[in-house]
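The next block holds one structure in the form of structure tokens; read it before the comments.
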Amino acid sequence: MTPYNLYIIDDEESIRQSVRLALQPEYKISAFATAEDGIVAMEESGPDLVLLDIGLPGMNGLEALQAIRARFPEMAVVMITAYEDVQTVVQAMRHGAYDYVVKPLSGEGLSQTIRNALERVRLRRELFALQEQCLQEDIPCCLGESGGLQGVMELVAMVAKSPDTPVLVVGETGSGKELVARAVHYRSPNFQGPFVPVNCAAIPKELIESELFGYEAGAFSGALASGKKGLVEEAHGGTLFLDEIGDLLPEAQAKLLRFLDSGEFFRIGAGKSTRVQARIISATNHNLEEMVGRNQFRRDLYYRLGVVTIQVPSLNERREDILPLAMFFLSRFSEKFGKKVEDLSASAKQFLLGYHFSGNVRELKNMIERGVLVSRGFLLEQEDISGPQAFPPAMPAVPGEDWYPVLTHAGLDLEAALHAMERHYIEEALRQSSGNESMAARLLQMNHHTFRYRRKKM
């Protein structure tokens with residue numbers, strides 16, 4: 001394992017030499033007599049930890065600490081002082097020093113302080129690596145090069161630092177609002193807690209309160225004998241994502257507002273409140289401000305949910321992201337279906353760049369999935385993605401001729417088209433019901449057992 005890189009910045013050569021002798025070869029040591037020299041060296045090769053003397057000539061230790069923290073906020077700094085000046089030590093700790101040691105330096109005491117500081121460095125790096133892994137696995141649709149999306153991700157990084165600030169995500173259907181919510185969750189301090197998505201529009205009116213807040217045993221006819229945790233309680237220590245918040249019923253809006261204000265709620269039939277620590281992220285494709293004006297949404301809840309608002313641009317507003325996303329989905333579905341589709345043809349790229357995505361990233365994803373499924377070569381051709389034409393987000397009440405996949409002169413793989421359509425609606429029903437199979441079956445107007453059979457078959 002590569003040894004940790006330590007800097008010792010002290011104007012006394014004897015201190016620098018004694019530290020080097022005491023810590024080598026366990027650590028790689030670089031020594032500097034002035035803070036200015038040490039900070040210049042950091043720009044080229046940042047250390048894992050800095051031992052920094054307070055009483056330095058020129059830029060003193062406190063000034064150097066502030067400069068280091070400004071440029072390298074995650075760097076561990078241990079202060080060295082010739083005497084235990086409480087006021088100076090307190091100032092150093094306030095400015096972000098990890099700890100301090102007092103001259104004359106004790107070999108064992110110094111080594112233990114360094115080990116403790118480097119353990120924190122190690123844990124922070126592991127945490128960051130785990131967060132990055134979660135981000136890569138869970139929010140691929142946030143890939144993109146456009147300025148609009150980069151602005152969104154910069155705001156996500158800032159908001160995520162707080163573990164409980166409510167966030168409202170606004171954008172068109174299919175633009176990636178849930179993916180932005182997951183990005184906030186996985187970059188936050190409570191990212192190891194649960195991420196609980198709830199589609200407010202998919203929960204029947206009579207079940208919304210029990211689904212969100214749970215109930216006690218015997219609270220009503222048909223209640224489970226053991227009672228039930230609500231989704232709010234399931235999100236304890238993590239994030240509750242309320243999708244389609246504009247469809248939340250007034251009664252549930254009032255109870256959600258009380259929870260946001262106090263962190264407490266009552267299960268149905270409970271005599272005492274339950275306290276939960278969870279961040280609330282809500283999302284909508286409606287204009288909540290207009291709904292407030294029409295008395296369709298509580299004004300106080302709107303302001304409480306939207307402490308920070310993130311506007312997600314549509315895919316049509318960031319067209320430079322179309323091909324990078326298409327290639328990402330191409331790779332993913334080629335692997336999923338065991339195919340070797342390696343690229344998009346020139347005509348397919350031209351088609352995608354000229355296409356109007358009413359369903360945003362979700363429509364592009366479905367288009368590439370269907371294309372890979374029916375493709376027969378190494379290139380995804382225009383006919384593959386424009387043949388079984390992108391189905392609309394929901395089936396019209398009376399399907400007309402324009403709704404069906406286009407039958408071109410090249411022919412149509414009917415079985416693949418029907419398979420892709422069935423997969424699309426099963427996945428969409430599960431998404432809208434937050435994974436609840438019974439609700440998804442009702443959305444598709446089929447028996448629960450039939451739904452489960454078809455899902456398993458796919």
Per the filter on the range 258-303, residues in contact (Cβ under 8 Å) with a residue 12 or more places away in the chain and touching a Lys or Arg at 6+ places or on another chain (Cβ under 7 Å) are LEU260, GLY263, GLU264, PHE265, THR274, ALA283
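Quick grid of which residues meet (1) surrounded by 15 or more Cβ atoms within 10 Å (Cβ to Cβ); (2) farther than 19 Å from ILE29 by Cα; (3) more than 30 Å from the chain's Cα centre (by Cα):
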site: SER45; (1), (2), (3): no, no, yes
site: LEU51; (1), (2), (3): yes, no, yes
site: MET59; (1), (2), (3): yes, yes, yes
site: GLU63; (1), (2), (3): no, yes, yes
site: VAL86; (1), (2), (3): no, yes, yes
site: HIS95; (1), (2), (3): yes, yes, no
site: SER106; (1), (2), (3): no, no, yes
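Here's the yes/no breakdown for (1) out of contact with any Pro (no Cβ under 7 Å at 6 or more places or on another chain); (2) more than 29 Å from PHE357 (Cβ to Cβ):
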| position | (1), (2) |
| --- | --- |
| LEU212 | yes, yes |
| GLY238 | no, yes |
| GLY246 | yes, no |
| PRO250 | yes, yes |
| SER273 | yes, yes |
| SER282 | yes, no |
| PHE297 | yes, no |
| VAL307 | no, yes |
| ARG319 | yes, no |
Being buried (at least 17 other Cβ atoms within 10 Å of the Cβ) and of a type in the set (Ser, Thr, Tyr) narrows THR165, THR173, THR239 down to just THR239
LYS255 vs (1) of a type in the set (Lys, Arg); (2) free of Cβ contacts under 8 Å to residues at least 40 places away in the same chain; (3) assigned to a helix (DSSP H, G or I): all pass except (2)
Among the residues of the range 261-270, is any surrounded by 13 or more Cβ atoms within 10 Å (Cβ to Cβ), of a type in the set (Val, Ile, Thr), assigned by TED's automatic domain parsing to the domain that holds GLU289 and not in a strand (DSSP E or B)?
no
Subset of the range 23-42, residues in contact with a helix residue (DSSP H, G or I) (Cβ under 8 Å, 6 or more places away or on another chain) and within 13 Å of ALA67 (Cα to Cα), comes to ALA35, GLY38, ILE39, MET42
Do we have any residue at all in the range 61-75 that's touching a strand residue (DSSP E or B) at 6+ places or on another chain (Cβ under 7 Å) and not aliphatic (A, V, I, L, M)? yes
Residues in the range 1-22 that are touching a helix residue (DSSP H, G or I) at 6+ places or on another chain (Cβ under 7 Å) and not in a helix (DSSP H, G or I) total 6
GLU342 passes all but one of the listed conditions (1) surrounded by fewer than 15 Cβ atoms within 10 Å (Cβ to Cβ); (2) in contact with a strand residue (DSSP E or B) (Cβ under 9 Å, 6 or more places away or on another chain); (3) under 27 Å from GLU172 (Cα atoms); the exception is number (3)
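Quick grid of which residues meet (1) in contact with a helix residue (DSSP H, G or I) (Cβ under 7 Å, 6 or more places away or on another chain); (2) among the aromatic types (Phe, Trp, Tyr); (3) within 23 Å of LEU443 (Cβ to Cβ):
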{"site": "VAL152", "(1), (2), (3)": "yes, no, no"}
{"site": "ALA157", "(1), (2), (3)": "no, no, no"}
{"site": "ALA201", "(1), (2), (3)": "yes, no, yes"}
{"site": "GLU216", "(1), (2), (3)": "no, no, no"}
{"site": "PHE220", "(1), (2), (3)": "no, yes, no"}
{"site": "GLY230", "(1), (2), (3)": "yes, no, yes"}
Contact list, first residue from the range 427-438 and part of a helix (DSSP H, G or I), second anywhere and acidic (Asp, Glu), beta-carbon distance below 8 Å, six or more apart or interchain, is LEU430/GLU437
Filtering the range 306-344 down to residues that are small (Gly, Ala, Ser), outside any loop (DSSP other than H, G, I, E, B) and more than 13 Å from LEU364 (Cα to Cα) yields SER331, SER334
Notebook entry, point to check: Is there a residue in the range 247-260 that is surrounded by 15 or more Cβ atoms within 10 Å (Cβ to Cβ), among the polar types (S, T, N, Q) and farther than 20 Å from VAL152 by Cα?
Noted result: yes
Across the range 72-119, the tally of residues that are assigned to a helix (DSSP H, G or I) and touching a residue at least 40 places away in the same chain (Cβ under 8 Å) stands at 6
*asked:* Among the residues of the range 285-305, are any in contact with a strand residue (DSSP E or B) (Cβ under 6 Å, 6 or more places away or on another chain), in the same structural domain as GLY237 (by TED's automatic domain parsing), within 20 Å of ALA235 (Cα to Cα) and not in a helix (DSSP H, G or I)?
replied: no
Within the range 25-71, the residues that are of a type in the set (D, E, K, R) and either part of a helix (DSSP H, G or I) or within 19 Å of ILE15 (Cα to Cα) (or both) are GLU26, LYS28, GLU36, ASP37, GLU43, GLU44, ASP53, GLU63, ARG69, ARG71
So, first residue assigned by TED's automatic domain parsing to the domain that holds LEU323 and of a type in the set (S, T, N, Q) in the range 339-355, second residue in a helix (DSSP H, G or I) and crowded, with 17+ Cβ neighbours inside 10 Å, Cβ within less than 6 Å, six or more apart or across chains; the pairs are SER347/GLN382
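The values are calculated or read from the model by the stated rules, or taken from the named source; none is laboratory data. Since the model is a prediction, treat every value here as computed from it, not as a measurement. Here the Cβ is made from the backbone with ideal geometry for all residues, glycine too, and neighbour counts use every protein chain on show.
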